[in-house]
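Written out below as structure tokens is the structure these notes cover.
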Amino acid sequence: MKYPKSKLFEQLANIEHQRWADWQKYMFSLCKQKKDGSLVIPVGLVSRWGTQIALDYKDLSEKEKDSDREQVMRYWNLIKK
């Protein structure tokens, strides 16, 4: 795939990586690590996240929407310019 060669594109890609890394750190912190190094996601989180995955944004609670809105704030200033 050919990607745009622009400063804005790279800034957004950098923010996306930061967002992904933060999510992974959060997930890892909630999992139980086994002796072999693998991680087990607690069943309650699997259930909750599975439910959220199945919902459209419009059907999320306001608290859940705020979580997504918080992520948009990472790059909002770049977009609104």
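The values are calculated or read from the model by the stated rules, or taken from the named source; none is laboratory data. Everything numeric here is computed off the predicted structure, so don't read it as measured data. Reconstructed Cβ throughout: ideal geometry from the backbone, glycine too, with neighbour counts over all protein chains shown.
Condition check: at negative phi, at pLDDT 95 or above and not small (Gly, Ala, Ser). Does Ile79 satisfy that? So Ile79 fails the test. Scanning region 32-64 for residues that are hydrophobic (A, V, I, L, M, F, W, C) and farther than 24 Å from Arg74 by Cβ yields Leu39, Val40, Ile41, Val43, Val46, Ala54. Of all residues in region 33-71, exactly one satisfies the criterion of being exposed (fewer than 10 other Cβ atoms within 10 Å of the Cβ), of a type in the set (A, V, I, L, M, F, W, C) and within 18 Å of Trp23 (Cβ to Cβ), namely Ile53. Taking into account only those residues within region 4-31 that are closer than 23 Å to Tyr75 by Cα and among the small types (Gly, Ala, Ser), which is surrounded by the most Cβ atoms within 10 Å (Cβ to Cβ)? Ranking the candidates gives Ala13 first. Filtering region 23-81 to residues that are closer than 18 Å to Ala13 by Cα, more than 17 Å from the chain's Cα centre (by Cα) and not basic (Lys, Arg) leaves Asn77, Leu78, Ile79.
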